[in-house]
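Chemist: Take this structure, written in structure tokens, and hold onto it; I'll ask about it next.
The values are calculated or read from the model by the stated rules, or taken from the named source; none is laboratory data. None of the values given here were measured: they were computed from a predicted structure. Ideal geometry is used to build each Cβ from the backbone, glycine not excepted, and the neighbour counts take in all protein chains shown.
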Amino acid sequence: MSTEATQTPTVWTQVSRIVFPATGEEDTLPLYVDFGRASPVDAPDAGGRRGGRIEIDAAAGAKVDRGDLIAEDGGTRMLPPGLRLSLATVFNAFPASYWRQWTVATKVRLVLNVEGAANVMVYKSNAQGRAQRADSKRTKNGENQISFVLPLDSFTDGGWYWFDMVAGEGGARLVSGHWEVNAEPVRPISLSIGITTFNRPDYCARTLMVLATAENLKEILKRIYVVDQGNKNVKDDELYPEAAELLGDRLKMIYQGNMGGSGGFSRGMYEAVKANEAEFHMLLDDDVIVEPESIERLAVFGAFCRNRTMVGGQMFDLNEKSVAQSFGEGINKWRWLWGALEGTENRIDLGAANLRSRSVLHRRLDVDYNGWWMELMPVSVIAELGLSLPIFIKWDDLEYGLRAAEIGVSTVTLPGAGLWHIAWGDKDDSRDWQAYFHEHNRILTALLHSPYERGGRLLYELSTLDVKHSVSAEYYAQTIRLLAIEDILSGPEHLHETILTRMPKLRELTKEFSDAQYRPDPDAFPAVSRTGKPKFKRRPKAPNMVTLAPWTLKTIVRQLLPTSEKAKERPEASISHADSKYYVLSQYDSALVTKADGSGAAWYRRDPKQLRHLLARSAAARAELAANWDKLRKQYQAALPEIVSLDAWEKTFGI
């Protein structure tokens, strides 16, 4: 018998579909489809002009509105002769390097259904973003199914596959397409979803309706846990009854006190482990717009991974829908601060320059964690690691990623899977009640995981923030940051004890600070004084390494002087949120400062007595934290397994 006759036929499994946005969603179009020839990599204006509409020159010289080319049935309309349609986009190109690095697949197959004559060209890129044609085929008039088998062996550091299609003389239509890999899943493709929500019933109910009507999720989605922690409940939204009826017993509503994201997500994780009915559990934020294809892609990728892996989706800006928050996030362990991975950037506008024009998007990014706006976890990993730290919000997702890495479980942020979420720039989370959690949880996670003595540069950076908040008259933010240190110094027992009580206390404290009291009415404050000399002859700049020390000394001396009587009666200026930097605010005796989302303003008023009090407290608290760092580190690390255990959380849930 010949060797050829005994070979096992290749098994091909579909892993993603070619998808397009719904009709009218032209703001998202650059995430799905591109047009024309690629501009030079990293050219300033590469990839087309911003916005949902662009004019494309067809062979006949006609102008084509690209939004009109998308059909409602999931494909394209008939493309004009000579028009070049490119699927080199984050939602339709194939992230070959990720599949090569993490999964059992060694080949990928592109299958297309094309109507009419067209030239279809498949391209591959490397980690530097340089593209070359991998294959091409021509279709004829009528209905055509074509396929391309493509190897994954040359994508060690990065690279994608995609295809371009040029319509022939009579025009052509892309009916449908999908990507397949030459393997079967390592583990079952099944999942539950845990959604944590607080007073966003409209968003959450809309998400439930999307999940309820998603045909591609009917077989794999076993359960949805909605952990409702607010007093405006999802069940009261007008969309909820229909969504609940469609989901039936797959939907489980859970009501509990407000324990923030860490408490809400932990409850969903707890339920998933106890039910043990799905291979994966997905954490999904409530204030998002999500596409079911992305959920399926994460579950499928996780099922094909060689080892247990946590797989996350990307976050796009809900207000600027073609903008990605980042393509991968990590932690600077010396500073103990999160952010876009080194060599990448935040806020990548794919409407201004798409995949073919940005070399940085072709490198494979190995992340430290994925944000809990959308992350898929093997249920077995949750059972082994435990639940989240009980820290309400901030740093819970990063800490879990670090904890998972310690047992050999990696995190992958998969390009081509994502959702739309309110961007961080529209929030005041460094000044409002969230400042407590930034401080508390940054210190706590450093105690647990920092490889450096006393957290590396952390204590220095926190001390500089003390000064910045204090000289900016952000007395509320600085006061609650000091409360965070007091809680850390009290030991691990406070974590479960305060998860339900700390937030109400933080909100109550706003009554004592004018800088924390935002008013929507423009007439809520006295009119800004328009008399006298301007405060600045030129726009102020942040002090640099040379000028920082003298600037700080001069500013603190000025801050300790009495405030003017006029400034007590009327604000000296109205300062936008974008301009409200410490080196600006510190020069005023009083000012109106707008909120990040533009919904109101607060009156910042300098108080020398408050400044002296806060700086003295800060110095004492930082000294005590530094002196007790090693003792605290041992206490928290020893207590961690119990803190995150299902039994400990069960008591906190009151089950």
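Chemist: Is it the case that some residue within the stretch 528-545 is without any contact (Cβ under 8 Å) to a residue 40 or more places away in the chain and closer than 25 Å to Ala477 by Cα?
Modeler: Checking the stretch 528-545: at least one residue is without any contact (Cβ under 8 Å) to a residue 40 or more places away in the chain and closer than 25 Å to Ala477 by Cα.
Matching residues to (1) touching a Phe, Trp or Tyr at 6+ places or on another chain (Cβ under 7 Å); (2) without any contact (Cβ under 8 Å) to a residue 24 or more places away in the chain; (3) in a helix (DSSP H, G or I):
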position	(1), (2), (3)
Leu389	no, no, no
Ala404	no, no, yes
Thr411	yes, no, no
Ala417	no, no, no
Trp420	yes, no, no
Arg431	no, no, no
Ala435	no, no, yes
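Chemist: From the set of residues in the stretch 249-277 that are of a type in the set (Lys, Arg) and assigned to a helix (DSSP H, G or I), which is nearest to Asn441 (Cα to Cα)?
Modeler: Selected residue: Arg267.
Chemist: Could you grab me the full set of residues in the stretch 354-387 that are without any contact (Cβ under 8 Å) to a residue 60 or more places away in the chain and of a type in the set (Phe, Trp, Tyr)?
Modeler: Tyr369
Chemist: Another question, if that's okay. Looking at Ser192, Ser176 in this structure, which one is in contact (Cβ under 8 Å) with a residue 12 or more places away in the chain and crowded, with 21+ Cβ neighbours inside 10 Å?
Modeler: Ser192
Chemist: Inside the stretch 487-508, can you point out the residues that are surrounded by 14 or more Cβ atoms within 10 Å (Cβ to Cβ) and either touching a strand residue (DSSP E or B) at 6+ places or on another chain (Cβ under 6 Å) or in contact (Cβ under 8 Å) with a residue 40 or more places away in the chain (or both)?
Modeler: Within the stretch 487-508, Asp487, Ile488, Leu489, Pro492, Leu495, His496, Ile499, Leu500, Arg502, Met503, Leu506 meet the criteria.
Chemist: Also: Inspect the stretch 333-346 for any residue being buried (at least 22 other Cβ atoms within 10 Å of the Cβ), under 26 Å from Leu640 (Cα atoms) and either touching a Gly at 6+ places or on another chain (Cβ under 8 Å) or at pLDDT 95 or above (or both) and give the result as yes or no.
Modeler: yes
Chemist: Could you tell me whether the stretch 197-209 includes any residue that is touching a Gly at 6+ places or on another chain (Cβ under 8 Å) and in a strand (DSSP E or B)?
Modeler: Yes, there is a match, as at least one residue in the stretch 197-209 is touching a Gly at 6+ places or on another chain (Cβ under 8 Å) and in a strand (DSSP E or B).
Chemist: Hey, another quick one. Can you spot a residue in the stretch 510-520 that is of a type in the set (A, V, I, L, M, F, W, C), out of contact with any Cys (no Cβ under 7 Å at 6 or more places or on another chain), surrounded by 15 or more Cβ atoms within 10 Å (Cβ to Cβ) and closer than 16 Å to Ala435 by Cβ?
Modeler: yes
Chemist: Then there's this: Looking only at residues in the stretch 578-621 that are among the aromatic types (Phe, Trp, Tyr) and in a strand (DSSP E or B), which one is surrounded by the fewest Cβ atoms within 10 Å (Cβ to Cβ)?
Modeler: Trp603
Chemist: Before we move on, is Val90 surrounded by fewer than 19 Cβ atoms within 10 Å (Cβ to Cβ) and in contact with a Gly (Cβ under 7 Å, 6 or more places away or on another chain)?
Modeler: Judged against the criteria, Val90 is not a match.
Chemist: Could you please find all residues in the stretch 304-337 being farther than 16 Å from Trp424 by Cβ and of a type in the set (Ser, Thr, Tyr)?
Modeler: Result: Thr309, Ser322.
Chemist: Of the residues Lys252, Lys321, which single one is surrounded by fewer than 22 Cβ atoms within 10 Å (Cβ to Cβ) and over 28 Å from Thr28 (Cβ atoms)?
Modeler: Lys252
Chemist: When you check Arg364 against the structure, is it basic (Lys, Arg) and either in contact with a strand residue (DSSP E or B) (Cβ under 6 Å, 6 or more places away or on another chain) or closer than 30 Å to Glu25 by Cβ (or both), yes or no?
Modeler: Yes; evaluated as a whole, the condition is true for this residue.
Chemist: crowded, with 19+ Cβ neighbours inside 10 Å, over 35 Å from the mean Cα position of the chain (by Cα) and either of a type in the set (Ser, Thr, Tyr) or under 18 Å from Glu169 (Cβ atoms) (or both), is that true of Thr76?
Modeler: no
Chemist: What do you reckon, is Leu284 at pLDDT below 95, farther than 30 Å from Tyr452 by Cβ and in contact with a Ser or Thr (Cβ under 8 Å, 6 or more places away or on another chain)?
Modeler: Judged against the criteria, Leu284 is not a match.
Chemist: Return the residues of the stretch 412-438 that are among the hydrophobic types (A, V, I, L, M, F, W, C) and under 24 Å from Asn92 (Cα atoms); say none if nothing qualifies.
Modeler: Val412, Leu414, Ala417, Leu419, Trp420, Ile422, Ala423
Chemist: Looking at this structure, is Met315 hydrophobic (A, V, I, L, M, F, W, C), buried (at least 24 other Cβ atoms within 10 Å of the Cβ) and under 23 Å from Ser645 (Cβ atoms)?
Modeler: No.
Chemist: Looking at (1) over 18 Å from Gly491 (Cα atoms); (2) among the acidic types (Asp, Glu); (3) more than 18 Å from the chain's Cα centre (by Cα), find the lone condition where Glu439 falls short.
Modeler: Here Glu439 meets the rest and fails (1).
Rundown of residues vs (1) modelled with pLDDT of 80 or more; (2) buried (at least 16 other Cβ atoms within 10 Å of the Cβ), yes/no style:
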site	(1), (2)
Thr6	no, no
Thr10	yes, no
Leu31	yes, yes
Gly48	no, yes
